[in-house]
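The values are calculated or read from the model by the stated rules, or taken from the named source; none is laboratory data. Quantities reported herein were computed from a predicted structural model and do not represent experimental measurements. Every residue, glycine among them, receives a Cβ derived from its backbone with ideal geometry; neighbour counts consider all protein chains shown. For the accessible areas, the whole protein counts, side chains as well, though only heavy atoms, and no ligand, DNA or RNA atoms are used. Shrake-Rupley method; radii C 1.70, N 1.55, O 1.52, S 1.80 Å.
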Amino acid sequence: MQKPLITALTTLLLASCATTPTPQATQTARPDSIITIPTTTAISDATLEQQYGGTIALRTDTFAIIANPTRQPLTAQGGKQHSVEKNKDAVSINNDEQPSSIWGNGTVGIWGNGTVGIWGNGTVGIWGNGTVGIWGNGSSTAWNEDTYLAMPENTQIWNRLGLKRSYETSRLGTNKIVAVVDSGIDLSHPIFTSSLAPNASWMDFVDGDPTPSDDGVQGQGSYGHGTAVAGIIRQIAPNAKIMPLRVMNSSGNGDALSVAHAIVWATDHGADVINLSLGTDSQIDSIHYAIQYAENSNVVVVAAAGNTNKPAIDYPANELNDGLGLSIGSINTEDQKSIFSSYSDKISLMTYGEGITTSYPEGRVINFSGTSASAPIASAAIAIGLGEGKTPVETLKIIKDSARDVRTANPNYDKYVGSGALDLEKYALKLRD
């Protein structure tokens, strides 16, 4: 049964000279509208509530979100006029990621006749023992002929990506945390054994509880989306830890406040990278300020471009081409832009997003396509760079500088492929320079 869609709101009372405490979630009905105001710790919650009406829903040392404001917004700091935003289902997993294209017409894309064997015959042990045994059937000098044993279906894609060389030359994200802000994950899936961040960092911002489970019915809505996204991160950077944060219901919809709260939560609970395989067609103040908060805390934010095949990418990807952010589009194994991938000169990087085998609830795997699949590949790659001791700025420079030029393969989109295609082999080698 689908859980009721409610959000987590927080009221934090700030002393005028105190540091901002870590937000804590409490269960309450989500507001119909919100307003986001840049502020400082010198301004109290009471003052903001008196000025705008409503109640404080989320508070940091740089901005506040007020739920159900009753007064017209005033011109805020810096002269920017802030407007009241509707909060109902403001953000979604792209609507074109439907069962017909992403989930393989329901169960067709699920590997039903071997799923148990994939995970039951030693895969847990493979993940538990680091990288030993994941690659085989080839020599170290001809690694591009090797088979990716954990999920053999991905061998061609991962070889094209250069994943094997990354496994040979890097620490694969050791001691780094990637927050997956999504539909939750199957917390008991074998792929996540020993790979999740501490339980105290988990949160479900839909139900307001600490159990961010991927909820829903197989083949319907966005059920399994977060599990699939997290499983891709697990394959690319198996030594990184995953922080599951649920902001989407089983239909793939979520409110802006929940997403903003999750970004702040991830930042305050130790995330190094935040993956956003979700978006909307317009900028939302609350998410914009939350991303700024993350980036100002040296957290890298990665977002999917969207799947409308239109010359405009989703927000927040649209605003991540500068600073500590990456906007990610999808290509196929011929380096051509995927037919579904949205495009823009705001794209940072391209990587594979078609036919990727990854985890699915109840211990299964699935064939997954969309920019939602491309974004976690990039997020995991960032975790790898940070795990090598590089700063976020250094990591982003290296990942872009090592990208493969794909303009020739995309004559109609050559201005919309960013720095090119992610090349994990070159990237991993450059990280050692």
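So, in the range 333-373, of the ones that are farther than 14 Å from N307 by Cα, of a type outside the set (S, T, Y) and modelled with pLDDT of 95 or more, which residue ends up surrounded by the fewest Cβ atoms within 10 Å (Cβ to Cβ)? Per the criteria, the residue is E334.
What's the total number of residues in the range 251-287 that are more than 14 Å from P316 (Cβ to Cβ), assigned to a strand (DSSP E or B) and not aliphatic (A, V, I, L, M)? Count: 1. For G184, the test of being on the phi > 0 side of the Ramachandran plot and within 15 Å of the chain's Cα centre (by Cα) is passed. Residue under question is A373, and the condition is that it be over 18 Å from the mean Cα position of the chain (by Cα), assigned to a helix (DSSP H, G or I) and either free of Cβ contacts under 8 Å to residues at least 60 places away in the same chain or within 24 Å of G173 (Cα to Cα) (or both); does it hold? It is false that A373 is over 18 Å from the mean Cα position of the chain (by Cα), assigned to a helix (DSSP H, G or I) and either free of Cβ contacts under 8 Å to residues at least 60 places away in the same chain or within 24 Å of G173 (Cα to Cα) (or both).
Selection of the range 207-244 for residues being at pLDDT 95 or above and hydrophobic (A, V, I, L, M, F, W, C) yields V229, A230, I232, I233, I236, A237, A240, I242, M243.
Pairing each residue of the range 411-433 that is closer than 21 Å to S327 by Cα and buried (at least 22 other Cβ atoms within 10 Å of the Cβ) with any residue that is at pLDDT below 95 and among the hydroxyl-bearing types (S, T, Y), provided the two are 6+ apart or on different chains, yields C-beta distances under 6 Å for L424/S166; A428/S166; A428/T169; A428/S170.
The residues in the range 412-433 that are at pLDDT 95 or above, of a type in the set (D, E, K, R) and not in a helix (DSSP H, G or I) can be counted, and the count is 2.
Go over the candidates D314, D272 one by one and state the one that is in contact with a Gly (Cβ under 6 Å, 6 or more places away or on another chain) and surrounded by 24 or more Cβ atoms within 10 Å (Cβ to Cβ). Criteria check complete, one pass: D314. Looking across the range 333-352, the residues that are of a type outside the set (A, V, I, L, M), outside any strand (DSSP E or B) and either touching a residue at least 40 places away in the same chain (Cβ under 8 Å) or under 23 Å from L149 (Cβ atoms) (or both) come down to T333, E334, D335, Q336, F340, Y343, S344, D345, S348. Mind listing just one residue for me: the one in the range 143-166 that is modelled with pLDDT of 90 or more and among the aliphatic types (A, V, I, L, M) and, of those, nearest to R234 (Cα to Cα)? Looking at residues that are modelled with pLDDT of 90 or more and among the aliphatic types (A, V, I, L, M), I get L163. Across the range 383-410, the qualifying residues are those that are of a type in the set (K, R) and over 24 Å from N175 (Cβ atoms), and the one among them that is surrounded by the most Cβ atoms within 10 Å (Cβ to Cβ) is R404. Looking at this structure, is G224 open to solvent by less than 10 Å² (accessible area, probe 1.4 Å), more than 13 Å from the chain's Cα centre (by Cα) and on the phi > 0 side of the Ramachandran plot? For G224, the condition - open to solvent by less than 10 Å² (accessible area, probe 1.4 Å), more than 13 Å from the chain's Cα centre (by Cα) and on the phi > 0 side of the Ramachandran plot - is met.
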